[in-house]
1. Would you work out if the range 344-452 is rounded, prolate or oblate? Take a ≥ b ≥ c from the square roots of the eigenvalues of the alpha-carbon gyration tensor; rounded if a/c is under 1.5, else prolate when a/b is larger than b/c, oblate otherwise.
2. Calculated from DSSP H runs of 4 or more alone, at -39500 (n - 2.57) each and per residue, what is the 222 nm mean residue ellipticity of the chain, nearest 500?
3. Test of understanding: ordering Thr409, Thr260 by Cβ neighbours within 10 Å, fewest first, what list do you get?
4. Quick one: angle between helix 39-53 and the longest Cα principal axis of the chain, in degrees between 0 and 90, rounded to 10, please.
5. Kindly express, to the nearest 10 degrees and within the range 0 to 90, the angle between helix 275-284's C-alpha long axis and the longest C-alpha principal axis of the chain.
6. Mind scanning Lys9/Lys215; Lys45/Lys444; Lys16/Lys215; Lys16/Lys45; Lys45/Lys436; Lys9/Lys45 and naming the pairs with a C-alpha gap bigger than 24 Å?
7. Could you derive backbone 3J(HN,Hα) for the range 315-321 from the dihedral phi with the Karplus parameters 6.51, -1.76 and 1.60 (θ = phi - 60°), listing whole Hz in sequence and x where the residue is Gly or Pro?
8. Please say if the range 277-336 is rounded, prolate or oblate, where rounded means a/c under 1.5 for a ≥ b ≥ c the square roots of the C-alpha gyration tensor eigenvalues, and otherwise the choice is prolate for a/b larger than b/c and oblate otherwise?
Amino acid sequence: MASADDLMKKMVSLCKRLGFVFQSGEIYGGLQSAWDYGPLGVELKKNIESSWWDFMVRRRADVVGVDTAIITHPDVWRASGHVDNFHDPLVDCRKCRARFRADQVEGTKCPECGGELTEPRDFGLMFRTMMGAVEDEAAEVYLRPETCQSIFVNFRNIVTSSRQTLPFGIAQIGKAFRNEITARNFVFRSREFEQMEMEYFCRPADADRFFEYWKEERMSWYLSLGLKPASLRFRDHAKEELAHYARACTDIEYAFPFATGGFGELEGIANRADYDLSAHMRVSGQDLEFIDQVANEKVVPWVVETSGGIGRTILAVLLDAYYEDIVDGRERVTLRLSPALAPVKAAVLPLSRNLEAGAAEVAGMLRPILPVSFDVTGSIGKRYRRMDEIGTPFCVTYDFESANDRSVTIRERDTLEQVRVGIDNLADLLCDCLRKGWRPAVEKAGLAAAGRASE
């Protein structure tokens, strides 16, 4: 088994080579901790976002969605406590100029070179910018360090327009920015990232119950992505590590190979009590209480928050799917992605270039229905391997009999099993395979899976 360091090197290389993730501005030496998603990466990212939105919003009557501005009113961050609290104490090495968080360094010597460290000083984690023609203090605004505060400041608008009653949630997927000191470990920690957040508003007496409920719901979503149960765990925050707004917090952690202790945070589930709504009422002077028409009472709801990062989820999905085996005496690398997440669902491969026209017609028939790749370069074995490496669940081979019998062969990625199916039934069978799984779909179609495809 590869070491943790080797596995991450393989993953970073695979992501660049295959078009999942590139370093931003690479031709200029690269911008540290900034990442661009390539053709396959953006499809995987959109599939994860779509899965989250479907799970958290579309399937539920009690959660609605928003999409709010990245540049935010500065008073939002004063009310939330970020201006006063969102700082890290830093020390610098006088010799090698390396920079560290003061709470992560033991002693007065640099852990890199042994040089003398400076006294700690505060370092703001929010990105500041200017809005307007004149750059002065009055024009100062912030890029949001989290997506949740814009949900809180829109609380009254959303309640009025959506007519929700307690309990209910407000969800958002969007960019956030943090001027991290030690951004590292590929897309795990970066300065520009995307969050998937939901704030669930409830009566104070119900907060503990919904805190437990959303812990289980969120874990079930990660399992639905195909992540192995053994790779996931809950970790409750100790009292002394709770954020200033939290009554309780539990992380869902994944077994990232670089993580201290073997696991790193994927998502946090927190009981934020009424901290945020109360803070914004106090600073803005606006009433953000919820009016219960039935009970004829007003209440400041408590909030249970679920907050996960898309970059970390993508990394966990790729690491969990990475698989090496030996087929026909040669090493094969496969991304065993859940078919629902795979960027390409099927590849149409003519057995010979002479068959390209007929195979292209099959690909054209499938393309309006599902994401399809069409590949004619190299031997059929090499093309199978390329599709395995990007996680494509099914390869459709158009061979020398296909023009006569109007049939093609489907090869399944993980088992390497094959079935022969009529071209007219191909789209229906592939869609069934994606919905129900390979063997249930094949059995339903009355087909018998043959042995492994020749590699």
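Readers should treat all values here as calculations from the given coordinates under stated rules, not as data from a laboratory. What you see is a predicted model; the values in this text were computed from it and never measured. Note: ideal-geometry Cβ built from the backbone for every residue, glycine included; neighbour counts use all protein chains shown.
1. Numbers: a/c = 1.41, a/b = 1.22, b/c = 1.15.
Cα axes put the range 344-452 in the rounded bin.
2. On the way: 14 runs with 141 residues, N = 455.
Result for the chain: -9000 deg cm²/dmol, rounded to the nearest 500.
3. Thr260, Thr409
4. Compared with the principal axis, the helix lies near 60 degrees.
5. 60 degrees
6. Numbers: Lys9/Lys215 32 Å; Lys45/Lys444 32 Å; Lys16/Lys215 34 Å; Lys16/Lys45 15 Å; Lys45/Lys436 22 Å; Lys9/Lys45 21 Å.
As for pairs spanning more than 24 Å Cα to Cα, those are Lys9/Lys215; Lys45/Lys444; Lys16/Lys215.
7. Values per residue, Gly and Pro as x: 4, 4, 4, 5, 4, 5, 8 Hz.
8. Since a/c reaches 1.5 and a/b is larger than b/c, the shape of the range 277-336 is classed as prolate.
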